[in-house]
Amino acid sequence: MAFKYVDRRGAMRKQEDLANFEVVLVGQEATGAPDVVRVFTDQRQFRRWAKDSRVTERVDQVFATLKRDVLPERENEPWVQQMQTLALKRTRETFRAFAALRGLKPNDEEVIRLAVLERTPLTPSLFDPILLWDRRIEVEPPQGAPQDPRTNSLPVGSGYWPVLGWAGWDDRARSARVFGLNILHEHNWFGGRSAWLFGLNMLLNLEHLAFDRLTSSIISH
């Protein structure tokens, strides 16, 4: 898929310009088209745009939670790290065990189908809403996980707000499969440039957002 990059005024931008924008936004739910990436100079400009968008309530919820419940806990980072690391470890173990139960590898498309796309009340939720990979998806537009056998994956469950270095994933993610609202951040504790991903089974290589090997923390809302 060839993405179109559009700034707040509707002007077209080039992919190589993305590093100059603090916020990038992708996903049909938010932009109105699957091939459009919205770019914003800073958080203030993004918040102004969001107030008149179809995702205003979800954006406001993230910022309210960040201010009220998350950033104040930075003083308790050792405890937060222990909790988040344990949660990420358990999620990865469960995901791998589920794949093994079917005699499959974790990155197999059949695992995604059973665990997420066709989940029933008898199938537990395993990792919604994002799956990160440390390799590019070789085919464009992406049709599934990277095929490179060296590919490692990190499932991040709904409600997780981890610093990825806690799981050995600092600046490691290169592609993603998105099943909800996720925000990737350049720095620990949700600082620096950010990429807002709204998706329902959206596959993408993060290089298209100038986020290839750049994510240090993530919000899975």
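The values are calculated or read from the model by the stated rules, or taken from the named source; none is laboratory data. Quantities reported herein were computed from a predicted structural model and do not represent experimental measurements. Counting neighbours? That spans all protein chains shown, and the Cβs are built from the backbone with ideal geometry, glycine included. The area values use the complete protein model at the heavy-atom level, side chains included, leaving out ligands, DNA and RNA. Shrake-Rupley method; radii C 1.70, N 1.55, O 1.52, S 1.80 Å.
Quick notes on this structure:
- Residue separation of Q28 and N201 scaled by 0.36 nm, minus their Cα-Cα distance, works out to 61.1 nm of gained length.
- Proximal lysines to K89, defined as alpha-carbon separation beneath 24 angstrom and excluding residues fewer than eight positions away on the same chain: K105
- Value of Rg to Rh for region 110-216 (Rh from inverse mean 1/r over Cα pairs, i.e. Kirkwood): 0.95
- Calculated Rg and Dmax of region 6-133 using C-alpha coordinates, Å: 18.9, 51
- Calculated mean residue ellipticity at 222 nm for the chain: -7000 deg cm²/dmol, from DSSP H runs with n ≥ 4 weighted as -39500 (n - 2.57), summed, divided by the residue count and rounded to 500.
- Heavy-atom accessible area ranking, 1.4 Å probe, most first, across W79, W133: W79, W133
- 14 Å cut-off, amide nitrogen to a point 7 angstrom out along D212 Cα→Cβ, residues in region 156-192: 172-176
- Bridge orientation summary for region 3-160: considering DSSP beta bridges with both residues in this region, about 80 percent are antiparallel.
- The 3J(HN,Hα) values that the Karplus relation (6.51, -1.76, 1.60; θ = phi - 60°) gives for region 133-146 are, in residue order, 10, 9, 10, 5, 7, 5, 9, 10, x, x, 10, x, 5, x Hz. Gly and Pro appear as x.
- The separation of region 93-172 from region 39-80, counted between C-alpha centres, amounts to 25 Å.
- Percent accessible area from carbon and sulfur atoms, region 78-163, protein chains only, probe 1.4 Å: 54
- For region 38-113, the equivalent ellipsoid derived from the alpha-carbon gyration tensor has semi-axes of 34, 22, 10 Å in decreasing order.
- Potential lengthening of the chain between V36 and R96 amounts to 18.2 nm, from the contour at 0.36 nm per residue minus the alpha-carbon distance.
- Of (i) 121; (ii) 131; (iii) 188, the label for volume of the Cα convex hull per residue in Å³ derived from the coordinates: (i)
- Chain lengthening between D52 and S158 when straightened (0.36 nm per residue, less Cα-Cα): 35.6 nm
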